[in-house]
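Student: Before I ask anything, here is the structure I am working with.
The values are calculated or read from the model by the stated rules, or taken from the named source; none is laboratory data. Quick caveat, the model's predicted, so the values are computed rather than measured. Backbone-built Cβ (ideal geometry, glycine too); neighbour counts: all protein chains shown. Note: areas computed on protein heavy atoms with side chains; ligands, DNA, RNA excluded. Shrake-Rupley method; radii C 1.70, N 1.55, O 1.52, S 1.80 Å.
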Amino acid sequence: MRKGLQNLETNENNNYKIIAVDDEEGIVDSLSIFLKRSGYEYTGVTNPQEAIEKVKNEHYDLMVLDFIMTPFHGDQVVEEIRKFNKDLYILLLTGHKDLAPPLDTIRRLDIQGYCEKSDKFDQLLLLIESGIKSIKQMNEIKKINGKLSNTYEKLENAYLESIQTLRYTVEAKDTYTRGHSDRVAEYSVLLGKYLGLDESQLKTLKIGGLFHDVGKIGVPDSILQKESKLTDEEYSEIKNHPSIGAHILSSATIFKDIIPIVKHHHERYDGHGYPGQLQGENIPYFARITAIADTFDAMTSKRSYRDSLPIEKVISEFNRCKGTQFDEKLADIFLNGLENHFDEIKEIQEKY
């Protein structure tokens, strides 16, 4: 029975690759016999630089590394490896415990353990077996995380598709909205790029722009499709759409980053906007960006009661409303983009 278990363990060990690095060829050869007998796939190297290159170009699960070597010591080898590989499990061998590197160095370089060299390899075997168990657990955790990530991605896509359906329903109700949300998303991303935002932030801006008007699903068609001026009561109905949109999205945590955009893209920098009458930097940053994109598209789009405004008029209005309707700094950056990158704006307009 015990022999059967040993064979099973040996077979399992075949799945793990170990590299040993020692400038004494005798140690490398001894470890070869010892580790291959235990069933591990083994590579022995006497040159530290060669070891670094091998780890860079091949996969290894665990490294057994001598500390005192020429032309450089084991901690320097680890220093180089950690620049491109944070996962390799490393055990350090020392000729004597007094020659081991300082504890803070071991922690900083994430060296998992060390032991003194010996003619017998019992202690080293225990450390290797313990290391392999840790590696197995980490691999299992990565596998589980991968499955969870895949499940979460599917759930996220399902939510996105359901909200996309709502967006298309709104566009069917309101011909003005058709293409508007796409352009607002694109303009928001463009302004985000001018501001130097990262890819994750640009993605939030894009999704926020696409769904910023989803709350119009709760506004009566008679109001959305009305060609004449809205009454005060009808305008009050329209002003509910940011809160309706935020409520629709609040049931799914994947939308938590875009809810501030949806809810607050009609706030004004002077505090006279809606629904929260937020003022200045109390308005979420991404909502301030989207507000500029939203207003720009409203002014440059043809409406039932007026034609699109000429770009000179749009620029004049933005300059007039800086610091009152819009965040002045963001408006200036957007206006600079209009002046120097109008071809990008034109490309978006032609696309939708």
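Student: Tell me, which helices (runs of 4 or more DSSP H) wholly within the stretch 227-333 include 2 or more residues that are modelled with pLDDT of 95 or more and open to solvent by 20 Å² or more (accessible area, probe 1.4 Å)? Please lay out each step first, then the result.
Tutor: Numbers: elements: 232-238, 241-249, 259-264, 285-300, 311-321.
Per the criteria, 259-264, 285-300, 311-321.
Student: Now for a separate question. Filter the stretch 71-87 for residues that are within 16 Å of Gln112 (Cα to Cα) and open to solvent by 80 Å² or more (accessible area, probe 1.4 Å) and give the result.
Tutor: Gln76, Lys86, Asp87
Student: Follow-up question, since we're still on this one. Identify all residues within the stretch 278-317 that are touching a residue at least 12 places away in the same chain (Cβ under 8 Å), touching an Asp or Glu at 6+ places or on another chain (Cβ under 9 Å), within 23 Å of Gly196 (Cβ to Cβ) and of a type in the set (Phe, Trp, Tyr); write none if there are none.
Tutor: Scanning the stretch 278-317 gives a single hit, Phe286.
Student: Would you call Lys147 free of Cβ contacts under 8 Å to residues at least 12 places away in the same chain and under 30 Å from Phe34 (Cβ atoms)?
Tutor: On the way: free of Cβ contacts under 8 Å to residues at least 12 places away in the same chain: yes; under 30 Å from Phe34 (Cβ atoms): no.
So Lys147 does not fit the description; no.
Student: Right, here's the next one. Going by what's in this entry, would Asp23 be described as of a type in the set (Asp, Glu), free of Cβ contacts under 8 Å to residues at least 60 places away in the same chain, part of a helix (DSSP H, G or I) and in contact with a strand residue (DSSP E or B) (Cβ under 8 Å, 6 or more places away or on another chain)?
Tutor: no
Student: At least 3 residues that are at pLDDT 80 or above and open to solvent by less than 50 Å² (accessible area, probe 1.4 Å) in each: list the helices (runs of 4 or more DSSP H) lying fully within the stretch 92-211 that qualify.
Tutor: Helices (runs of 4 or more DSSP H) meeting the threshold: 122-173, 180-194, 199-211.
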